[in-house]
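One structure below.
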Amino acid sequence: MVNSGSTANPFETAKRQVDIVADLLSLDSGMREVLKHPKRELTVNFPVRMDDGGYHVYTGYRVQYNMARGPCKGGIRYHPQVSLDEVRALAAWMTWKCAVVNIPYGGAKGGVICDPKHMSKGELERLTRRFATEISGIIGPERDIPAPDVYTDGQTMAWIMDTYSMLKGYSVPGVVTGKPIALGGSEGRGEATGRGCAYTIREAATHAGVRVKNGTVAVQGYGNAGSVCANILNDEQGAKIVAASDSKGGIYKADGFNPHALEEYKAKNGSVVGFPGAKAISNEELLELKVDILVPAALENQLTAKNADKVQAKLIGEAANGPTLPEADTIFFQKKITVLPDILANAGGVTVSYFEWAQDIQGYFWPLAEVNQRLERVMVQSYNDVHKIAVERKVHNRTAAYVLAIQRVAEAIRLRGIYP
Ligand code: GLU
């Protein structure tokens, strides 16, 4: 992951994005207020026994932003920079994301302030089980369903599923998604974020006149989303991956490299840095490379008023959540750079999470080909829905995606009415 970005408060960004669209849709002030407030926020401080015999108190959050359209849904991230405002923003973005792809969920997010890279597996397991216990009162298959996010994975979800099931006294696979297949996970969930992003890039490239076949691609953040997106753009769409990065730095090779080989190299060496035959570059330089397609797949606040003018990519596919600030959006729109906003481009992950939850509830599992076909259908449809609004209203794709999402959420709120 990459920490080079600006320090803008992500929740302020998230609220500004709502305001832009609330103006366009002439929403009344009550609706605006509802859309700019998280419904429920839980902060927990809890001790964890460390390997040296001592213990340490960690702080974690679960924010349930809006549940008008269904149970809340969203990942849990482990990162030293987690803050309540970051989790609020991510929970808001989950709300809009689920609405853009029209899956019957509200949005939530969780986070624990910790440095998982410097914790043992035992420490991570104890932290996860205790955090799961602390939030167990507000999660559940009908309430709020966590999933992996930055530095959490299938093993983390297995521990949460087991902890929640122990508290209940029976197995509850539907309490989390992104689980290992052996525990009721779905085929294709691991790849879904990167795969969905590659599908939206393919669709947008046709409309934007950008070449994907033989086109060049730079990927910021070579984690689960970024590396899978690179693999699929390379293997299925004939693109040339020329640059990649992670928290330690980046690499560039003008004539392209095999993204699978880079994945193996990173798994062995802990970083993409030092990949044979490639030139070292910084994360900042990667964003400004002359490439056809840029995939920010790391953290928030990477594309800002400072560097947006220097971006040379023709198409940006946001595999990360919140990588672009509103000022940068305006510059990209003026420069005619096509941006596929996070709430559309990375929605493949939560879409297959929805498939996983539906399979768990039915106790009936689908083959990989069926999962991928359904995912492709959702991503293509959602891209086209967003593109249509962008053309009709002459706005950029982010605003269009927000128009679609906020209309859907606002309609659910209106239909349900204000209780009591
Ligand atoms: N953490 C992922 C996201 O930001 C997936 C969330 C989920 O599957 O619930 O979209």
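Here are some notes:
- So Glu203, is it touching a Phe, Trp or Tyr at 6+ places or on another chain (Cβ under 9 Å) and more than 11 Å from the ligand (Cβ to nearest atom): yes
- Residues of region 271-327 that turn out to be touching an Asp or Glu at 6+ places or on another chain (Cβ under 9 Å), polar (S, T, N, Q) and more than 16 Å from the ligand (Cβ to nearest atom), as a count: 5
- Answer residue from region 138-168, given it is touching a residue at least 24 places away in the same chain (Cβ under 8 Å) and of a type in the set (Ser, Thr, Tyr) and is farthest from the ligand (Cβ to nearest atom) among those: Thr163
So that you can scan it fast, the table gives a plain yes or no per residue for (1) within 16 Å of the ligand (Cβ to nearest atom); (2) in contact (Cβ under 8 Å) with a residue 60 or more places away in the chain; (3) within 23 Å of the chain's Cα centre (by Cα):
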site: Asp329; (1), (2), (3): no, yes, yes
site: Pro341; (1), (2), (3): yes, yes, yes
site: Val378; (1), (2), (3): yes, yes, yes
site: Thr399; (1), (2), (3): no, yes, yes
site: Leu404; (1), (2), (3): no, yes, yes
site: Gln407; (1), (2), (3): no, yes, yes
site: Pro420; (1), (2), (3): no, no, no
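- Top-ranked residue in region 71-102 [being farther than 19 Å from Thr128 by Cβ and among the hydroxyl-bearing types (Ser, Thr, Tyr); ranked as farthest from the ligand (Cβ to nearest atom)]: Ser83
- Arg126 vs. criteria open to solvent by 60 Å² or more (accessible area, probe 1.4 Å), basic (Lys, Arg), part of a helix (DSSP H, G or I) and under 19 Å from Val87 (Cβ atoms): no
- On the stretch given as region 149-176, residues that are outside any helix (DSSP H, G or I) and either of a type in the set (Phe, Trp, Tyr) or closer than 15 Å to Ser136 by Cα (or both) total 6.
- Looking only at residues in region 148-172 that are open to solvent by less than 60 Å² (accessible area, probe 1.4 Å) and out of contact with any Lys or Arg (no Cβ under 7 Å at 6 or more places or on another chain), the one that is farthest from Ser120 (Cα to Cα) is Val172.
- The criterion of at least 1 residues that are touching a residue at least 40 places away in the same chain (Cβ under 8 Å) is met by the following strands (runs of 3 or more DSSP E) wholly inside region 210-285: 216-220, 240-246.
- Total residues in region 93-111, condition among the charged types (D, E, K, R) and either more than 13 Å from the chain's Cα centre (by Cα) or under 15 Å from Val403 (Cβ atoms) (or both): 1
Residues checked against (1) within 16 Å of the chain's Cα centre (by Cα); (2) at negative phi; (3) in contact (Cβ under 8 Å) with a residue 60 or more places away in the chain:
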{"residue": "Asp19", "(1), (2), (3)": "no, yes, no"}
{"residue": "Pro47", "(1), (2), (3)": "no, yes, yes"}
{"residue": "Tyr58", "(1), (2), (3)": "no, yes, yes"}
{"residue": "Tyr65", "(1), (2), (3)": "yes, yes, no"}
{"residue": "Ala89", "(1), (2), (3)": "yes, yes, yes"}
{"residue": "Ile113", "(1), (2), (3)": "no, yes, no"}
{"residue": "Thr128", "(1), (2), (3)": "no, yes, no"}
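- Test: residue in region 103-120 that is open to solvent by 10 Å² or more (accessible area, probe 1.4 Å), over 28 Å from Val34 (Cα atoms), within 16 Å of the ligand (Cβ to nearest atom) and not aromatic (Phe, Trp, Tyr): yes
The values are calculated or read from the model by the stated rules, or taken from the named source; none is laboratory data. Treat the numbers as computed from the prediction; the structure is a model and nothing was measured. With ideal geometry, Cβ positions are generated from the backbone for all residues, glycine too; neighbour counts draw on all protein chains shown. SASA here: full protein model, heavy atoms, side chains in, ligands and nucleic acids out. Shrake-Rupley method; radii C 1.70, N 1.55, O 1.52, S 1.80 Å.
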